[in-house]
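The values are calculated or read from the model by the stated rules, or taken from the named source; none is laboratory data. Everything numeric here is computed off the predicted structure, so don't read it as measured data. Methodologically, a virtual Cβ is constructed for each residue, glycine included, from the backbone with ideal geometry; neighbour enumeration extends over all protein chains shown.
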Amino acid sequence: MSAFTATPRLARVLIVALRWRLHEFAAGTRIYRPLALLAAILPRARRDLNTLPRGERLRLAFTQLGPIFVKFGQVLSTRRDLLPGDLAEALAKLRDRVEPFPGDQARKMIERELGGPLQQFFQHFEEIPLASASVAQVHAATLLDGHEVVVKVLRPGIGTRIQRDIALLHILGGLVQRYHPHADKVRPLDVVAEIEKTLEHELNLQREAANASLLRRNFSNSPDLYVPKVFWDLTRQSVLTLERVHGIPADDIKALDAVGIDRRVLAIKGVRLFYEQVFRDNFFHADAHPGNIWVDPDSGTEPRFIALDFGIMGSLPQDDQYWLAENFLALFEQDYRRIAELHLASGWIPSSVRVDELEAATRTVCEPYFSRPLSQISIAEVTVKLFQTARQYQLTLQPQLILLQKTLLNIEGLGRQLDPDIDIWAVA
């Protein structure tokens with residue numbers, strides 16, 4: 001996208017940002033003053049703008065800019081090693097829900113992808129979608145043999161719209177790279193490239209199907225996690241057909257209690273499943289929020305999770321998997337020297353950094369946490385703080401480690417919702 005063709009969209013992004021008074025993020029740069037002057041002549045997005053925290057204003061601006069910026073904000077919220085906590089928390093609340101596109105359009109897309117009329121493949125197809133998001137929507141259907149399935153279909157033209165907004169994000173990232181005093185730490189163009197890769201993966205439903213199949217195979221003998229079956233003969237790059245499952249969102253406490261689910265056991269199983277995926281299989285669900293993690297309502301005192309939405313999965317290079325495991329062990333033992341040595345030996349931090357300096361910084365971050373009872377210490381929170389501290393020493397993390405950090409936050413948060421007294425350290 002050239003600067004000329006990007007101008008109308010770029011102008012809209014700028015106006016929305018200034019109406020939400022987001023020019024404050026440019027404070028200390030050469031462009032702050034002209035942005036502030038322009039903001040002064042634009043009407044505020046809301047009368048109560050002065051009472052809204054900056055994170056809430058940023059979230060509302062992304063929502064107004066549309067589904068691709070919502071997705072951008074969601075990915076950005078995982079970068080707690082880069083963002084202040086208040087911004088990460090606000091962006092994590094972004095919801096990827098948009099108006100559905102017409103069911104007859106979905107029908108035509110599916111027929112085109114599968115190469116025949118719908119009745120050739122399905123006994124029944126529900127044109128009103130079960131769910132609708134920025135990239136795709138999901139319809140209920142019944143196969144000719146009576147099996148209940150869900151059919152996920154990409155939005156018409158979504159690839160073009162994503163390319164347009166990603167090109168725009170590259171332009172904006174370049175501006176941040178040029179004018180922001182801390183651009184070398186934030187590396188905005190790397191962040192945009194990471195988001196671009198994530199969205200590219202979500203546009204290939206055959207890739208998602210392969211992810212689902214591998215996770216299903218990894219847990220085929222597990223009583224703790226169920227993964228729906230993929231119907232490969234009815235799956236293409238723009239269409240995914242999965243076995244339909246029924247469950248309760250994992251954070252719906254009232255519904256779980258109503259059917260007799262043992263929440264304490266469920267919380268423990270959730271944490272263990274995370275560590276099995278990371279350290280046993282090296283393949284983990286990296287979008288494990290409650291909308292994608294359900295509970296089998298009939299599983300009672302031996303509860304079973306159900307996994308959904310396999311567009312974002314993670315795996316670590318073997319070296320990073322080793323270094324991460326060693327870091328966790330050192331953290332459990334409060335061996336700050338070992339943590340510092342591991343960060344240097346892994347190559348995450350330049351070898352020019354002095355180990356005793358890094359050890360002291362690590363101790364400063366961790367000691368306040370370890371003054372509490374272990375059951376009250378968040379492994380995810382300590383890990384995030386460690387990474388934030390290490391950024392001061394030019395920490396370089398692979399995107400997969402960032403995904404893992406996000407997943408750990410989600411799983412630990414869910415575990416504490418299910419059982420506030422869970423001892424994450426004992427389970428880990």
query: (1) surrounded by fewer than 14 Cβ atoms within 10 Å (Cβ to Cβ); (2) in contact with a Leu (Cβ under 8 Å, 6 or more places away or on another chain); (3) under 24 Å from Ala167 (Cα atoms); (4) of a type in the set (A, V, I, L, M, F, W, C): which one isn't true of Leu38, the others all being true?
result: (3)
- prompt: Could you list, in sequence order, the residues of the range 69-88 that are among the hydrophobic types (A, V, I, L, M, F, W, C) and part of a loop (DSSP other than H, G, I, E, B)?
  reply: Leu82, Leu83
message: Given the criterion over 24 Å from Glu196 (Cα atoms), touching a Phe, Trp or Tyr at 6+ places or on another chain (Cβ under 9 Å), in the same structural domain as Ile166 (by TED's automatic domain parsing) and not acidic (Asp, Glu), identify the matching residue among Leu49, Leu60.
response: Leu49
query: Quick one: in the range 361-389, which of the residues that are of a type in the set (Phe, Trp, Tyr) and over 14 Å from Phe328 (Cα atoms) is surrounded by the most Cβ atoms within 10 Å (Cβ to Cβ)?
result: Tyr369
statement: Among residues of the range 320-378 being of a type in the set (Asp, Glu) and within 26 Å of the chain's Cα centre (by Cα), the residue modelled with the highest pLDDT is Glu326
field: Residues located in the range 151-168, provided they are under 22 Å from the mean Cα position of the chain (by Cα), closer than 15 Å to Glu113 by Cβ and buried (at least 19 other Cβ atoms within 10 Å of the Cβ)
entry: Lys152, Val153, Leu154, Arg155, Ile158
- prompt: Residue check: is Leu35 over 25 Å from Gln400 (Cα atoms), part of a helix (DSSP H, G or I), touching a Gly at 6+ places or on another chain (Cβ under 8 Å) and of a type outside the set (S, T, N, Q)?
  reply: no
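Name the residues in the range 300-346 that are of a type in the set (Gly, Ala, Ser) and in contact with a Pro (Cβ under 9 Å, 6 or more places away or on another chain), would you? So that I can check it myself, show each step before the final result.
Our first condition is that a residue be of a type in the set (Gly, Ala, Ser); within the range 300-346, this holds for 300, 307, 311, 314-315, 325, 330, 340, 345-346.
Result: Ala307, Gly314.
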message: Looking only at the range 303-325, filter to residues that are of a type in the set (Phe, Trp, Tyr) and not assigned by TED's automatic domain parsing to the domain that holds Arg338; which one of those is farthest from Thr407 (Cα to Cα)?
response: Phe305
query: Of all residues in the range 119-162, which are touching a residue at least 60 places away in the same chain (Cβ under 8 Å) and within 19 Å of Thr198 (Cβ to Cβ)?
result: Ala133, Ser134, Val135, Ala136, Lys152, Leu154, Arg161, Ile162
- prompt: Counting just the residues of the range 1-29 that are assigned to a loop (DSSP other than H, G, I, E, B) and closer than 16 Å to Phe72 by Cβ, which one comes out modelled with the highest pLDDT?
  reply: Trp20
task: Would you be able to tell me the number of residues in the range 274-302 that are touching a residue at least 60 places away in the same chain (Cβ under 8 Å) and either assigned by TED's automatic domain parsing to the domain that holds Leu76 or under 17 Å from Gln417 (Cβ atoms) (or both)?
output: 5
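One line per residue, one yes/no per condition, for (1) surrounded by fewer than 17 Cβ atoms within 10 Å (Cβ to Cβ); (2) closer than 27 Å to Asp320 by Cα; (3) in contact with a Leu (Cβ under 9 Å, 6 or more places away or on another chain); (4) not assigned by TED's automatic domain parsing to the domain that holds Ala92:
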position: Ala209; (1), (2), (3), (4): no, yes, yes, yes
position: Ser220; (1), (2), (3), (4): yes, yes, no, yes
position: Pro223; (1), (2), (3), (4): yes, no, no, yes
position: Lys229; (1), (2), (3), (4): yes, no, yes, yes
- prompt: Is it true that Gly300 is modelled with pLDDT under 95, part of a loop (DSSP other than H, G, I, E, B) and on the phi > 0 side of the Ramachandran plot?
  reply: yes
message: Of the conditions (1) without any contact (Cβ under 8 Å) to a residue 40 or more places away in the chain; (2) farther than 21 Å from Lys385 by Cβ, Ala361 satisfies every one except a single condition; which number is it?
response: (2)
- request: For the range 395-420, enumerate the residues that are more than 21 Å from His289 (Cβ to Cβ) and free of Cβ contacts under 8 Å to residues at least 60 places away in the same chain.
  value: Thr396
- request: Go through the range 220-264 residue by residue and tally those that are of a type outside the set (S, T, N, Q), without any contact (Cβ under 8 Å) to a residue 60 or more places away in the chain, over 17 Å from Ala140 (Cα atoms) and in a loop (DSSP other than H, G, I, E, B).
  value: 5
task: With the condition kept exactly as written, say whether any residue in the range 59-69 is out of contact with any strand residue (DSSP E or B) (no Cβ under 9 Å at 6 or more places or on another chain), over 28 Å from Gln163 (Cβ atoms) and surrounded by fewer than 21 Cβ atoms within 10 Å (Cβ to Cβ).
output: no
- prompt: Of the conditions (1) touching a strand residue (DSSP E or B) at 6+ places or on another chain (Cβ under 7 Å); (2) within 15 Å of Gly270 (Cβ to Cβ), Leu404 fails just one. Which one is it?
  reply: (2)
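Of the residues Glu127, Glu148, which single one is surrounded by fewer than 16 Cβ atoms within 10 Å (Cβ to Cβ) and more than 15 Å from Pro102 (Cβ to Cβ)? Spell out the reasoning first.
Working: Glu127 fails: more than 15 Å from Pro102 (Cβ to Cβ).
Of Glu127, Glu148, the one residue that is surrounded by fewer than 16 Cβ atoms within 10 Å (Cβ to Cβ) and more than 15 Å from Pro102 (Cβ to Cβ) is Glu148.
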